1. Order of 19-25, 139-145, 102-108 by packing, highest average Cβ count within 10 Å first?
2. Per 10 Å bin, what percent of the C-alpha pairs of region 8-229 does each bin hold, from zero upward?
3. Between residue 298 and residue 551, what FRET efficiency follows from the Cβ-Cβ distance if R0 is 22 Å, with the result rounded to 0.05?
4. Could you give the length gained on full extension between residue 60 and residue 8, defined as 0.36 nm per residue of separation minus the Cα-Cα distance, in nm?
5. Full extension from residue 106 to residue 221: what is 0.36 nm times the residue separation minus their Cα-Cα distance, to one decimal in nm?
6. Treat each spin label as a single point 7 Å out from the Cα along the C-beta direction, and report the residue 91 to residue 477 distance in nm.
7. Would you mind getting me the FRET efficiency between residue 255 and residue 141? Use the beta-carbon distance for r and R0 = 60 Å, nearest 0.05.
8. May I ask you to derive the FRET efficiency for residue 282 and residue 672 from their Cβ-Cβ distance with R0 = 45 Å, giving the value to the nearest 0.05?
């Protein structure tokens, strides 16, 4: 095995957004990447590793993919991370690779000139050289190397061209002798250092920032005029402008966006159901097999209803997460995501949001978990925080089983105006209610969240390109990996806790019921199943969860709920759809006719006064409670990870529970 001990090189990869930096990172490292977070923030940190051999020496390269930035004067969290990393980690950085768009050198050379002045060993990757050639843009690479004082490597990261040459350039990188800051600064300070100068002026001295950039652009204009020849014929950019006449139009732009979102929604909501159902069936069969193979007891119950149920709750989300980020990857890689954010920004800002909040909000109707993860594209911390906070108010697919069951209890199969199904209209109303609550909460939050941050919407609209399967595949794999390894651990732990609380209970009565269930399970008979169901329902009443249900009954009684509904509220904290299964268990519904028997048993249920329990008032109280309550531990776990704090998920839980309680109370009292 080669000895890398003396040949380890740490490389900082920087570049403008849309310069192909992530594509180049993927081309260099493939799947040999490690994902984490920068200290103190939730922005993803990607590191990749390469073993590379030149002649007699073997090298081990660690590539750090820094967030995209337009300059070293930061305006967003992402840009600040890149600037801080370059300015405060000189001991840890061996080489800086600057990725520039060969078709847009004038814009990209501002960052390149600043990075060169930091006096690291530096290499410039002239990326998208294939597109420059298609546009007949002629670049004098030798002349560019001469004026920049560093090696310039033409690359096409989307087709893995120039990657080996770039690796060799990294190994042989040097510090440039050129400088691009105003020479008068040297006369003012004999010990002038641009790195220190940046730290002094970047936050408060706006005039000096503008002066520095203006001086650099004058130099860049000279470089472009001397070493870059651009034809005046029709280019890809001009073709992009013609397409943008539709996609960013004041009217047709919104129509096109709605069409795109409709297609994304259809795939995430419906297509993902097939693999999710398959995964659910696999876990159910596995649970049944283990339950039948192992002797009855604590271990059997823990494995089937604790561990496997918890793992299933994690793995089941993978299709939706993968599909969501597949579409996000396609939209970003093609260049359309920037347009969607651009046309929606003005509208969303009225509610304290950002143009980039659109995709997460719409996809939140499928599942809040991947949608919260998708907010990472929002540059403003305040706007991202508000988006994360309000997303669970969107009615997700997990609420559908609850909505369907409760609506069916009070609304018969009749029509409205002869053509509209009443139950369908009520279901639509629930989704519209969630959307209205989302925007209202966002509007209030922008007034309450005291974060001193000036919101910028700076986004260069890239040219349209065909998405690259490799880049999208790596994106999907990384996002799924983060969810499974990070949020999954919390979900599994809470599942096991909930199992323990429902499978154990204090007092002799619980022990007696456990013995009766064991005796019944050991005897075969046609009526045993019904008897065991009744015993389990009685046992649930005396479990820790059951006693909690009785304990909270005085609190939920003003909402029209009894202790049985209280148990369902507690158990459905694992996931909203657990409500239906809990009600089936409590009311002794058979497994073969679950939906119909649950509905029938609920309709036959009487309250303490002998009257029907599930009246219009109780059902609407339940509907509003589940529309607003944060009954989803997966969401809480994801919010904790994305905000890097328990503060926001706890505030979110308190707010949504309070909103759910007050709404349910008002509607129950009004309809009773």
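Quick note: the coordinates plus some simple rules give every number you see, no bench work behind them. These numbers come from a predicted model, not from an experiment. No Cβ is skipped: glycine too gets one built from the backbone with ideal geometry, and neighbour counts run over all protein chains shown.
1. Packing order, densest peptide first, comes out as 19-25, 102-108, 139-145.
2. 8, 35, 37, 18, 3, 0
3. Efficiency for this residue pair is about 0.35.
4. Length gained, residue 60 through residue 8: 18.2 nm.
5. Result for the pair: 40.7 nm of gain on full extension.
6. The two pseudo-label positions are separated by 3.5 nm.
7. Working from the Cβ atoms, E equals 0.85.
8. The formula returns an efficiency of 0.50 here.
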